[in-house]
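The values are calculated or read from the model by the stated rules, or taken from the named source; none is laboratory data. Treat the numbers as computed from the prediction; the structure is a model and nothing was measured. Positions of Cβ are generated from backbone atoms using ideal geometry, with glycine treated the same way; all protein chains shown enter the neighbour counts.
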């Protein structure tokens, strides 16, 4: 049977005509498209939602849509449109003409002046991005387009907007980023700091100046984490032509402690534009990797960073006036009466908590033994179907993207999955439903009782008297409660 989501040249999607495929990656494809209402050529990004696709593809798509449409200026592509997740998800944006920075890379080092010029273009773009409250978190040469208007940053699937829910960070504390450029704090679970982008730019500057990456491109997490404990070799040890001012800039960007890097992209931009005014420290004079004492000091700084609690949520959001409320709703049987009762109770809670942030959570149960169906009977991705159902369920609440997020978690044990989510996001309050209290349920235990017992916060359990009166034993093992 033909895949209804398959794309081909000449195809029409909501008025956008697919012209030719520009790129294909692990998460999706990029097409050149035209539209009768737009004189210029556009590009369309389409995520892969085929059988076996990683759910992070969907989360990354939603993140990029939320972030990109809030960005403006010459350093980002202009957002045009987004497709409906219910039918066919896509992002349409302007086509930025130019070469990627990756295409400029070669085995030979660049002259210091050219390294500074290219670095200044990227630093200027980062300064604009950070001023709009966004951290890119996946800065690498392939995500920088060198255009007539300067450096343009692309691919915001891992980005974080300070005024929006961090969809990726709320679902997992696994490190997310490119192996060569990921920052030490990202490896420790912190996705909140603009300094992470400055670290990535330092990696890029090192690569331009020496022809090598400072930490290679490790394929394992252990390999990536070595940058927490082992400082990079001085660039001058790989390229004797690297001047002290450039080495000072690069090594300052690559400090393990974010507080030891530049305070802003603007300050880094100033130094790149005024090398004669760079204040030199001992970094500029290093000619080889440090000895045992230097490595011990680096290890201690990395250990200290790894022990700090990650700043997944802005400090202002942790105040009692802005609680994080997790609502766990069972949609295995659709928006049934219990799910509606949970929503009604949540609406009353929201009415008393004007500053609350609501995380809507549902668990897609997986099998303990055997493979789970990758598509339902209609050929749809079950994860996407459940995500759409969750959004439909929450729509009557009338909350905007800045206060509401949606999360589908795949798990064998719903109770453990909810508790893990609550701990990861340090929730202040959990609202969830519970089915009737039949004999079988009392014997096996329930999801709601497990959450009440294990959550380190307030848990409100919503029950319907009708469920208690309707012999619930037949459904005792289902749902969240």
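Consider residue 215 carefully, then state whether it is touching a helix residue (DSSP H, G or I) at 6+ places or on another chain (Cβ under 7 Å) and assigned to a loop (DSSP other than H, G, I, E, B).
Details: touching a helix residue (DSSP H, G or I) at 6+ places or on another chain (Cβ under 7 Å): yes; assigned to a loop (DSSP other than H, G, I, E, B): yes.
Yes: the conditions hold for residue 215.
Here residue 28 does not fit the description of being at pLDDT 95 or above and in contact with a helix residue (DSSP H, G or I) (Cβ under 8 Å, 6 or more places away or on another chain).
Report the residue count in the range 31-49 for those that are outside any strand (DSSP E or B) and either buried (at least 16 other Cβ atoms within 10 Å of the Cβ) or touching a helix residue (DSSP H, G or I) at 6+ places or on another chain (Cβ under 8 Å) (or both). Steps first, answer last, please.
First, pick out the residues of the range 31-49 that are outside any strand (DSSP E or B): 36-37, 48-49.
After this cut, where a residue has to be either buried (at least 16 other Cβ atoms within 10 Å of the Cβ) or touching a helix residue (DSSP H, G or I) at 6+ places or on another chain (Cβ under 8 Å) (or both) as well, the list is 48-49.
Final tally of qualifying residues: 2.
Inside the range 370-448, counting only helices (runs of 4 or more DSSP H) that do not spill past its ends, which hold 1 or more residues that are in contact with a strand residue (DSSP E or B) (Cβ under 8 Å, 6 or more places away or on another chain), under 19 Å from residue 330 (Cβ atoms) and modelled with pLDDT of 90 or more? Spell out the reasoning first.
Values: elements: 382-394, 414-425, 439-444.
Hits in the range 370-448: 382-394, 414-425.
Screening the candidates 330, 304, 271 for the property of being within 31 Å of the chain's Cα centre (by Cα), on the phi < 0 side of the Ramachandran plot, modelled with pLDDT of 60 or more and exposed (fewer than 13 other Cβ atoms within 10 Å of the Cβ) yields one hit, 304. Only one entry of 164, 137 meets the criterion of being in contact (Cβ under 8 Å) with a residue 60 or more places away in the chain and either crowded, with 22+ Cβ neighbours inside 10 Å or in a strand (DSSP E or B) (or both), and that entry is 137.
Assess whether residue 109 counts as being in a loop (DSSP other than H, G, I, E, B), in contact with a helix residue (DSSP H, G or I) (Cβ under 8 Å, 6 or more places away or on another chain), farther than 30 Å from residue 80 by Cβ and modelled with pLDDT of 95 or more. Outline the logic, then answer.
Values: in a loop (DSSP other than H, G, I, E, B): yes; in contact with a helix residue (DSSP H, G or I) (Cβ under 8 Å, 6 or more places away or on another chain): yes; farther than 30 Å from residue 80 by Cβ: yes; modelled with pLDDT of 95 or more: yes.
Spelling it out, residue 109 is indeed in a loop (DSSP other than H, G, I, E, B), in contact with a helix residue (DSSP H, G or I) (Cβ under 8 Å, 6 or more places away or on another chain), farther than 30 Å from residue 80 by Cβ and modelled with pLDDT of 95 or more.
Each residue in the range 274-291 was checked for being assigned to a helix (DSSP H, G or I) and either under 26 Å from the mean Cα position of the chain (by Cα) or surrounded by 15 or more Cβ atoms within 10 Å (Cβ to Cβ) (or both), and 3 pass.
If you check residue 94 against the conditions, is it without any contact (Cβ under 8 Å) to a residue 60 or more places away in the chain, under 26 Å from residue 175 (Cα atoms), within 25 Å of the chain's Cα centre (by Cα) and surrounded by fewer than 17 Cβ atoms within 10 Å (Cβ to Cβ)? When the stated conditions are applied, residue 94 does not pass them. Only one of the numbered conditions (1) at pLDDT 95 or above; (2) surrounded by 22 or more Cβ atoms within 10 Å (Cβ to Cβ); (3) assigned to a loop (DSSP other than H, G, I, E, B) is not met by residue 180, and that is (2). In this structure, residue 284 does not qualify as touching a residue at least 12 places away in the same chain (Cβ under 8 Å) and farther than 20 Å from residue 211 by Cα. Comparison of 233, 256 shows that the only residue that is surrounded by fewer than 20 Cβ atoms within 10 Å (Cβ to Cβ), in contact (Cβ under 8 Å) with a residue 40 or more places away in the chain and part of a loop (DSSP other than H, G, I, E, B) is 233.
Each row is one residue, and each column tells you yes or no for (1) more than 25 Å from residue 383 (Cα to Cα); (2) modelled with pLDDT under 95; (3) assigned to a loop (DSSP other than H, G, I, E, B).
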site: 7; (1), (2), (3): no, yes, yes
site: 20; (1), (2), (3): yes, yes, no
site: 52; (1), (2), (3): no, yes, yes
site: 62; (1), (2), (3): no, yes, no
